[in-house]
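Please find one structure pasted underneath; my questions will follow.
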Amino acid sequence: MTSQIPSAPPRTSRPLRVLAAMSGGVDSAVAAARAAEAGHDVTGVHLALSANPQSFRTGARGCCTIEDSRDARRAADVIGIPFYVWDLAERFREDVVEDFIAEYEAGRTPNPCLRCNEKIKFAALLDKALALGFDAVCTGHYAQVVTGEDGVRELHRASDMAKDQSYVLGVLDDRQLAHAMFPLGDTVTTKDEIRAEAERRGLAVAKKPDSHDICFIADGDTQGFLASRLGKAEGDIVDESGAVVGSHEGAFGFTIGQRKGLRIGTPAPDGKPRYVLDISPVDNRVTVGPAASLDVTFLTAIKPRWCGAAPTGAGTYTAQLRAHGGETPVTAELVGDELRVSFEEPVRGVAPGQAIVLYDGTRVVGSATIAATERAAAPA
């Protein structure tokens, strides 16, 4: 299946009441400014997602600090829009942080940014915005919502593939898309140009460094974060034959496809690197082996969410398996509540818990959570 982006409809004759989520960064500030410049009635809001807001930034990592809320407020003042801070820390802890910990404890690899978009920015925030009479929620994501001649709204990749963030928005459903606004998605500009635009608009965040990695793990040490919540639990690292080749302090600290940090004392017989092939939380065992053993040809995924009507029958699509990954051709079919996906060519590093997002050309069809994989036969 392939599709082209339909022509944009004429601009609405009435301004919308828009709630602009302002993180304190440059992207969301420019997005809010563009929405206001387009004639919409914009109100800025910063989401306080931490009960201890000083803890979510180390240098350029993380977000959601008091500093960020102040930067967002200053940007709103320059744009000339009202500004508020909404406390969603408890909801964020329950729906994103605790989910992240539970998924790793179960041997899966979650994507907290995707979960935040689903549960916080386009659920909790959107519900509150609609209750207050707003028409749309605006964010600084690089993606496009396109309305066809039939009035149907579709989620598409950003014009600039290098900045496309549609993968982490693949959880949005029809209702959420109907109230989503992404002012940065339809422009082909470099980040330097976005920063230059912010500077021209007088926004002090123009030179602020981007946040990286997981916002609630400010130092970037995921394994340390999980160990502090789950405690250390020594276990074995074994090869494909079951022979013990090393030890670890918690199976939750690994992910499928991981190569670094394995601390294996026994080299592989062929001298080649070994990768994490399987994580068993039941017996706290991590299995490692050669890269070829990571080749996946088929997967099943659960909890599908569709950016439109659910597809019927088997179809050909492209799939993206991680936020910064490429596309790969697949055949996918929804059977009951389970998505079954076959790959044209084997792919590596596919882990349960990750999201698979299906595309029809540039259009986002939907996403699902990977539950199980089938691997290619090992080479003779």
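Residues that are open to solvent by 10 Å² or more (accessible area, probe 1.4 Å) and not charged (D, E, K, R), at least 3 per element: which helices (runs of 4 or more DSSP H) completely within segment 164-257 meet that?
Numbers: elements: 174-177, 191-200, 222-230.
The qualifying helices (runs of 4 or more DSSP H) are 222-230.
Please verify whether ALA310 is under 30 Å from ASP174 (Cβ atoms) and open to solvent by less than 70 Å² (accessible area, probe 1.4 Å), treating the condition exactly as stated.
Values: under 30 Å from ASP174 (Cβ atoms): yes; open to solvent by less than 70 Å² (accessible area, probe 1.4 Å): yes.
For ALA310, the condition - under 30 Å from ASP174 (Cβ atoms) and open to solvent by less than 70 Å² (accessible area, probe 1.4 Å) - is met.
I'd like to check something: does segment 152-167 contain any residue that is under 30 Å from PRO281 (Cβ atoms), β-branched (Val, Ile, Thr) and out of contact with any Gly (no Cβ under 6 Å at 6 or more places or on another chain)?
Of all residues in segment 152-167, those under 30 Å from PRO281 (Cβ atoms) come to 167.
Narrowing the set further to residues that are β-branched (Val, Ile, Thr) leaves none.
No; the residues of segment 152-167 include none that is under 30 Å from PRO281 (Cβ atoms), β-branched (Val, Ile, Thr) and out of contact with any Gly (no Cβ under 6 Å at 6 or more places or on another chain).
Identify, please: which residue in segment 352-380 is small (Gly, Ala, Ser) and surrounded by fewer than 23 Cβ atoms within 10 Å (Cβ to Cβ) and is, among those, farthest from PRO304 (Cα to Cα)?
Step one: filter segment 352-380 for residues small (Gly, Ala, Ser), giving 353, 355, 361, 366-368, 371-372, 376-378, 380.
Narrowing the set further to residues that are surrounded by fewer than 23 Cβ atoms within 10 Å (Cβ to Cβ) leaves 353, 361, 371-372, 376-378, 380.
Values: GLY353: 13, GLY361: 19, ALA371: 11, ALA372: 14, ALA376: 25, ALA377: 28, ALA378: 30, ALA380: 36 Å.
Among them, the one singled out is ALA380.
Determine whether GLY107 is in contact (Cβ under 8 Å) with a residue 60 or more places away in the chain, open to solvent by less than 50 Å² (accessible area, probe 1.4 Å), touching a helix residue (DSSP H, G or I) at 6+ places or on another chain (Cβ under 7 Å) and on the phi > 0 side of the Ramachandran plot.
Numbers: in contact (Cβ under 8 Å) with a residue 60 or more places away in the chain: yes; open to solvent by less than 50 Å² (accessible area, probe 1.4 Å): yes; touching a helix residue (DSSP H, G or I) at 6+ places or on another chain (Cβ under 7 Å): yes; on the phi > 0 side of the Ramachandran plot: yes.
Against the criterion (in contact (Cβ under 8 Å) with a residue 60 or more places away in the chain, open to solvent by less than 50 Å² (accessible area, probe 1.4 Å), touching a helix residue (DSSP H, G or I) at 6+ places or on another chain (Cβ under 7 Å) and on the phi > 0 side of the Ramachandran plot), GLY107 qualifies.
I'd like to check which strands (runs of 3 or more DSSP E) are fully inside segment 83-148 and have at least 1 residues that are of a type in the set (Asp, Glu). Steps first, answer last, please.
Details: elements: 83-87, 136-138, 143-147.
Ranges flagged: 83-87.
Keeping to segment 263-289, report how many residues are hydrophobic (A, V, I, L, M, F, W, C), part of a loop (DSSP other than H, G, I, E, B) and over 21 Å from GLY353 (Cα atoms). Steps first, answer last, please.
Here is the first cut: in segment 263-289, the ones hydrophobic (A, V, I, L, M, F, W, C) are 264, 268, 276-277, 279, 282, 286, 288.
Okay, now just the ones that are also part of a loop (DSSP other than H, G, I, E, B), so 268, 282.
With over 21 Å from GLY353 (Cα atoms) added as a condition, the list becomes 268.
Number of matching residues: 1.
Is it the case that segment 136-151 has a residue that's open to solvent by 20 Å² or more (accessible area, probe 1.4 Å), of a type in the set (Val, Ile, Thr) and out of contact with any Cys (no Cβ under 9 Å at 6 or more places or on another chain)?
Yes, the conditions are met somewhere in segment 136-151.
Within segment 48-73, how many residues turn out to be at pLDDT below 95, surrounded by fewer than 21 Cβ atoms within 10 Å (Cβ to Cβ) and either assigned to a helix (DSSP H, G or I) or small (Gly, Ala, Ser) (or both)?
The number of residues fulfilling the criteria is 11.
A follow-up question, please. Within segment 199-217, work out how many residues are of a type in the set (A, V, I, L, M) and within 13 Å of ASP71 (Cα to Cα).
As a first pass, look at segment 199-217 and keep what is of a type in the set (A, V, I, L, M): 203-206, 214, 217.
Checking which are within 13 Å of ASP71 (Cα to Cα) leaves us with 203-206.
Total satisfying the criteria: 4.
Here are some residues: ALA31, ALA38. Which one is at pLDDT 75 or above and over 27 Å from the mean Cα position of the chain (by Cα)? Please lay out each step first, then the result.
Details: ALA31 fails: over 27 Å from the mean Cα position of the chain (by Cα).
Of the residues listed, the single one that is at pLDDT 75 or above and over 27 Å from the mean Cα position of the chain (by Cα) is ALA38.
Is there a residue being in contact with a strand residue (DSSP E or B) (Cβ under 6 Å, 6 or more places away or on another chain), modelled with pLDDT of 95 or more, open to solvent by 40 Å² or more (accessible area, probe 1.4 Å) and not aliphatic (A, V, I, L, M) anywhere in segment 286-298?
Yes - at least one qualifying residue is present in segment 286-298.
While we're on this one: Criterion first (open to solvent by less than 20 Å² (accessible area, probe 1.4 Å), without any contact (Cβ under 8 Å) to a residue 40 or more places away in the chain and touching a Lys or Arg at 6+ places or on another chain (Cβ under 8 Å)) does ALA124 satisfy it?
Values: open to solvent by less than 20 Å² (accessible area, probe 1.4 Å): yes; without any contact (Cβ under 8 Å) to a residue 40 or more places away in the chain: yes; touching a Lys or Arg at 6+ places or on another chain (Cβ under 8 Å): yes.
Criteria met by ALA124.
If we keep just the residues of segment 80-100 that are in contact with a Pro (Cβ under 9 Å, 6 or more places away or on another chain) and more than 21 Å from ARG70 (Cβ to Cβ), which is surrounded by the most Cβ atoms within 10 Å (Cβ to Cβ)? Before you say what the answer is, go through the steps one by one.
Residues of segment 80-100 that are in contact with a Pro (Cβ under 9 Å, 6 or more places away or on another chain), as a first pass: 89, 96-97, 99-100.
Checking which are more than 21 Å from ARG70 (Cβ to Cβ) leaves us with 96-97, 99-100.
Numbers: VAL96: 25, VAL97: 22, ASP99: 16, PHE100: 23.
Checked segment 80-100; the qualifying residue surrounded by the most Cβ atoms within 10 Å (Cβ to Cβ) is VAL96.
What pairs come up if the first residue lies in segment 31-60 and is at positive phi, the second is open to solvent by 40 Å² or more (accessible area, probe 1.4 Å) and at pLDDT 70 or above, and their beta carbons are under 6 Å apart, counting only those six or more places apart or on different chains?
Taking only residues 6 or more apart or on different chains, the pairs are GLY39/PRO15.
Would you call ALA102 touching a Phe, Trp or Tyr at 6+ places or on another chain (Cβ under 9 Å) and among the small types (Gly, Ala, Ser)? So that I can check it myself, show each step before the final result.
Details: touching a Phe, Trp or Tyr at 6+ places or on another chain (Cβ under 9 Å): no; among the small types (Gly, Ala, Ser): yes.
So ALA102 fails the test.
While we're on this one: Can VAL45 be described as part of a helix (DSSP H, G or I), within 25 Å of the chain's Cα centre (by Cα), within 15 Å of THR139 (Cα to Cα) and at pLDDT 95 or above?
Details: part of a helix (DSSP H, G or I): no; within 25 Å of the chain's Cα centre (by Cα): yes; within 15 Å of THR139 (Cα to Cα): yes; at pLDDT 95 or above: yes.
Taking the combined requirement at face value, the residue does not satisfy it.
Here is a further query. Do the conditions hold for PRO269, that is, is it under 30 Å from SER342 (Cβ atoms) and either buried (at least 16 other Cβ atoms within 10 Å of the Cβ) or free of Cβ contacts under 8 Å to residues at least 24 places away in the same chain (or both)? Reasoning before the result, please.
Values: under 30 Å from SER342 (Cβ atoms): no; either buried (at least 16 other Cβ atoms within 10 Å of the Cβ) or free of Cβ contacts under 8 Å to residues at least 24 places away in the same chain (or both): yes.
No; evaluated as a whole, the condition is false for this residue.
Mind checking whether some residue in segment 334-351 is in a loop (DSSP other than H, G, I, E, B), under 18 Å from ILE256 (Cα atoms), open to solvent by 40 Å² or more (accessible area, probe 1.4 Å) and of a type in the set (D, E, K, R)?
Restricting attention to segment 334-351, the residues satisfying the condition of being in a loop (DSSP other than H, G, I, E, B) are 336-337, 348-351.
Imposing the further condition that a residue be under 18 Å from ILE256 (Cα atoms) reduces the set to 348-351.
Applying the additional criterion that residues be open to solvent by 40 Å² or more (accessible area, probe 1.4 Å) yields 348.
Those left that are additionally of a type in the set (D, E, K, R): 348.
So far as segment 334-351 goes, yes, one or more of its residues are in a loop (DSSP other than H, G, I, E, B), under 18 Å from ILE256 (Cα atoms), open to solvent by 40 Å² or more (accessible area, probe 1.4 Å) and of a type in the set (D, E, K, R).
The values are calculated or read from the model by the stated rules, or taken from the named source; none is laboratory data. Nothing here was measured: the structure is a model prediction, and the numbers come from that model. Cβ atoms come from the backbone with ideal geometry, glycine included; neighbour counts cover every protein chain shown. Accessible surface is based on the protein model in full, side chains and every heavy atom, while ligands, DNA and RNA are left aside. Shrake-Rupley method; radii C 1.70, N 1.55, O 1.52, S 1.80 Å.
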